[in-house]
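One structure is given below, encoded as structure tokens.
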Amino acid sequence: MANFLAFLMLVSFWVSFISGQNPGLEAPYRIHTLFSVECQNYFDWQTVGFMHSFKKAQQPGPVTRLLSCTEEEKKNYKGMDLAPTLEVPSMSRHPKTGDWYPAINKPAGIVHWLKHSKDAQSTDWVVILDADMILRGPIIPWELGAEKGHPVAAYYGYLIGCDNILAKMHTKHPELCDKVGGLLAMHIDDLRILAPLWLSKTEEVREDRAHWGTNITGDIYGTGWISEMYGYSFGAAEAGLRHKINDNLMIYPGYTPQPGVEPILLHYGLPFSVGNWSFSKLEHHEDGIVYECGRLFPEPPYPREIKLMEPDPKKRRALFLNIECINTMNEGLLLQHARNGCPKPKWSKYLSFLKSKTFAKLTQPKLLTPPRMQTEVAKEVKEIDEPIKPYPKIHTLFSTECTTYFDWQTVGLMHSFHLSGQPGNITRLLSCTDEDLKQYKGHDLAPTHYVPSMSRHPLTGDWYPAINKPAAVVHWLNHVNVDAEYIVILDADMILRGPITPWEFKAARGRPVSTPYEYLIGCDNELAKLHTRHPEACDKVGGVIIMHIDDLREFALLWLLKTEEVRADKAHYATNITGDIYESGWISEMYGYSFGAAELKLRHLISNEILIYPGYVPEPDVKYRVFHYGLEFKVGNWSFDKAKWREVDMVNKCWATFPDPPDPSTLEQTDENELQRDLLSIECARTLNEALRLHHKRRNCPYPTALSNPALDTTKDIANSRKVGRFSKTDDIESNPVPRNHSQESSKPKVRDGLFSTLRFWIILLWVFSGLGFILVMLAMCSGYTSKGSSKGKSNKSRRRSYTGFLKTNARDRQGRKSDASL
């Protein structure tokens, strides 16, 4: 009997060892996985892919699909057997407010599961995932470092509301707000506290429509769609939960994994591609593929094709993840079709591959390795957010013409570029005619690529200088060997305040980043329908562009062609169609960009945190990277309007600068918004003036002397220079007029003529020496008279008499003058 008991204990030990459980420790290792869906074909094919990958990954414990459906939807629903399911009352249409927001079903479903599922009573750890995920290996909370009070989650850096006014409004502990989501692994006790807060905070953020802006939430659509994500983060902050954030577990197909990291979760929420093949889940929103026998998603390239296609091992590894994602879903569909009773599909090369040992080996479960098990506390992730892989190369472009108007803008941009820490090189695309180049003086202002001018269109004769921007980009791409992976495109009338990088603003291949230009209303009306086949893909963007070089190569020519097309469409220049207040077609180039991008279905990530116009009130805590001084801005009685300096040569006239803005210490402190607005305006103007001063210094302009008045009005300088013969016709104020500024301080550039100042110095010096010489001569003469005084007593007496007579005579003269005056 003793031997039999020993045998049973040994068997029990080995069963526990093989199953991954430590003997004697049962309760802490019970895991339950949850994912939330609705009664739609869209979620059914995701469910098939999820469930198939769940089994392949050998995820321990049971799984439950939280199915949110209305009674009407359930009558026609066909997918009840796709996964172990708990039916949840639908909250897509909120029962109290009537708001349509299906994403709220996720926290509502979890609250329902905790209250009504027996599984919730026998679970210690819960893993919460999304339906649009493919598991590649088991997700075991304690192996990831999860503890009670410290869940593990993936990093969602775009939840910027954790750092601004949104968190302060919606949680008493904004300092505990973690930017997390996607993958969640937590103790059941923490979930019981968190779930109702998650739901209530989702409702709260969803109702806060005043703060749906992209600059506050990070939601590129500005529609409050990610309210549920903020509901989670704010609810966790209220519950006092601090996350251990692991950025290595989950990856979006299309992204390149970090070296040495094997992701165990694929989240296909964004479009991805391999060569000419691509996949976007949104294109299959109404797809009944689960119920159509023999039908799969389009087959991607084979592994051997990728090896030939991509020589870079890092990029090739990313492409392998892309095809693994779609192949796993197709394998799941094949098995589901068989369960549905579909006939056996005909043999094909692709089906043979899915059933091969090669594919089985490629998709075998990926186990956690020590580098991937390391997690960082949320606070550390906030402070250190640097990927291990080398940053991609960046090249910055801006377009100008051969005029002094663009030259002073170039001086300002180049100065700020060097101060900003912007990575990579910069190139000025200089569009000039041959005649302009002969007279042009600003060749050394920036690294330059020369471009034939299209200001006067060579075919139509239309005068439209703005077309030079896309034309110059096309020319540059065709004539320069570009080694950068990302291109940042700016305008000349910008001042950089900090780096603009694709990794910070999440630019990717097929997903450029730009800033909002809401006045491009043509994206929403007949203009877009006339000029692009995909008006729904038209984004109102411009100003700053961050784009992958491969996208730019495909897009640049379309940008140029669409600019020509919109410019020629004079019948639709009206303000109510284009938003152009001048109705002159001047913003045709901007529409050319948006329509060209729409043709390729390039959808932008739109950020309100990159650019600000001086004179606009900034959002709290936003560190803008660019000033765009395209519009007039004011601080008190001082103002600046770039258009009023169009004909002024600020670059070639020594020490020419713009009127200085007010000192910040003189600003009113009563309104914080106005104060911050004015401080930014002053910063922009000061940066421009500092750039000009350094430029004049580099040109070896003669320094103004200490005796010259630096605040002397230019008008006086010109008048004085005429008197001394130093005024040349090229400096004449009539031939180079300066329009009046709103400021009363100075309506002309402050010009300190070094030659005139030097001449004035020598004249004053000569006067000083002449005066000193005269005084010395008089002192010498007086000392001579004193030495002869003792030997000329009689003479002194007669001199006294003469002096007395002189006084009398002088008195009589004065009396005579008074008499004359009285007459």
message: Could you derive backbone 3J(HN,Hα) for segment 459-466 from the dihedral phi with the Karplus parameters 6.51, -1.76 and 1.60 (θ = phi - 60°), listing whole Hz in sequence and x where the residue is Gly or Pro?
response: 9, 9, x, 5, 8, 8, x, 4
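Averaged over all directions, how much area does the convex hull of the C-alpha atoms of segment 564-708 cover when projected, in nm²? Working shown, then result.
On the way: hull surface 53.7 nm².
The Cα convex hull of segment 564-708, projected and averaged over all directions, gives 13.4 nm².
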query: Ordering Ser639, Ser770 by how much accessible area each has at a 1.4 Å probe, largest first, what is the list?
result: Ser770, Ser639
query: Which pairs break 19 Å Cα to Cα here: Lys634/Lys697; Lys623/Lys697; Lys55/Lys366; Lys281/Lys601; Lys441/Lys644; Lys653/Lys697?
result: Lys634/Lys697; Lys623/Lys697; Lys441/Lys644
field: Under-5 Å amide H pairs with Leu184, H placed in peptide plane, nonlocal only
entry: Ile128
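Which of the GluC sites (Glu not before Pro) across segment 266-363 are loop residues per DSSP, with 14 or fewer other Cβ within 10 Å?
Numbers: sites: Glu283, Glu286, Glu292, Glu305, Glu324, Glu331; in loops: Glu286, Glu292.
Passing sites in segment 266-363 are Glu286, Glu292.
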query: Considering the alpha-carbon set of segment 140-247 alone, what are its Rg and its Dmax in angstrom?
result: 13.1, 42
Theoretical gain in end-to-end length, Arg304 to Tyr616 [0.36 nm per residue, Cα-Cα removed]: 106.9 nm
query: From the phi of every residue in segment 163-172, what ³J(HN,Hα) in whole Hz does the Karplus formula 6.51 cos²θ - 1.76 cosθ + 1.60 yield, where θ is phi - 60° and glycine or proline is x?
result: 10, 10, 4, 4, 5, 5, 7, 10, 8, 6
message: Just to be sure I follow: if Rg is taken over the C-alpha atoms of segment 149-196 and Rh is the Kirkwood radius over the same atoms, what is Rg/Rh?
response: 0.98
query: Residue by residue through segment 260-268, which ³J(HN,Hα) values in whole Hz follow from phi under the Karplus form 6.51 cos²θ - 1.76 cosθ + 1.60 (θ = phi - 60°), with glycine and proline marked x?
result: x, 10, 10, x, 10, 8, 9, 10, 8
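Please tell me which of these pairs span more than 22 angstrom C-alpha to C-alpha: Lys469/Lys642; Lys56/Lys78; Lys78/Lys349? Kindly include the intermediate steps, with their values, before the conclusion.
Details: Lys469/Lys642 19 Å; Lys56/Lys78 24 Å; Lys78/Lys349 31 Å.
The pairs that break the limit, which is 22 Å between Cα atoms, are Lys56/Lys78; Lys78/Lys349.
Assuming R0 = 45 Å, what is the FRET efficiency of Thr460 and Lys623, from their Cβ-Cβ distance, to the nearest 0.05?
Working: r = 44 Å, r/R0 = 0.97.
Computed FRET efficiency for Thr460 and Lys623 comes out at 0.55.
Report relative contact order for segment 140-247 in percent, whole number only (criteria: Cα-Cα under 8 Å, sequence separation at least 6). Each step should come with its number before you reach the end.
Values: 198 pairs, mean separation 43.3, N = 108.
Relative contact order here is 40 percent.
For segment 480-532, take N as its residue count and report Rg(C-alpha) divided by 2.2 N^0.38 Å. Don't skip to the end; give the middle numbers.
Details: Rg = 15.1 Å, N = 53, 2.2 N^0.38 = 9.9 Å.
Computed over Cα atoms of segment 480-532, the ratio equals 1.51.
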statement: Distance in nm between Met169 and Leu679 label points, each 7 Å along Cα→Cβ, equals 2.2
Span per principal axis, largest first, for the Cα atoms of segment 69-190 (Å): 46, 37, 27
statement: Between the modelled labels at Ala210 and Leu631 (7 Å from Cα along Cα→Cβ) the distance in nm is 2.2
field: Label-zone membership for segment 197-220, site Leu282, 7 angstrom Cα→C-beta point, backbone N under 12 Å
entry: 220
- prompt: Out of residues 5 or more away from Leu429 or on other chains, whose amide H comes under 5 Å of its own, with H placed 1.01 Å from N in the peptide plane?
  reply: Phe398, Ser399, Thr400, His449
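Using 0.36 nm per residue of separation minus the Cα-Cα distance, give me the extension gain between Glu554 and Ser348 in nm, one decimal.
Working: separation 206, 0.36 × 206 = 74.16 nm, distance 3.38 nm.
Full extension of this stretch gives 70.8 nm more.
If eta is 1.306 mPa s and T is 10 °C, what Stokes-Einstein diffusion coefficient results for segment 441-587, Kirkwood Rh from Cα pairs, in µm²/s? Display every interim value, and only then the final one.
Numbers: Rh = 16.9 Å.
The diffusion coefficient I find is 94 µm²/s.
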- prompt: How many nm is it between the label spots at Asn76 and Ser200, if each spot is 7 Å from the Cα in line with the beta carbon?
  reply: 3.8
- prompt: By how many nm would the segment from Thr433 to Glu690 grow when fully extended, if each residue of separation counts as 0.36 nm and the alpha-carbon distance is taken off?
  reply: 89.4 nm
field: Solvent-accessible ranking of Leu241, Leu772, largest area first, probe 1.4 Å
entry: Leu772, Leu241
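The values are calculated or read from the model by the stated rules, or taken from the named source; none is laboratory data. All of these numbers come straight from a predicted model, not from anything done at the bench. Here the Cβ is made from the backbone with ideal geometry for all residues, glycine too, and neighbour counts use every protein chain on show. Please note that ligands, DNA and RNA were not included when accessible areas were found on the heavy atoms of the full protein model with its side chains. Shrake-Rupley method; radii C 1.70, N 1.55, O 1.52, S 1.80 Å.
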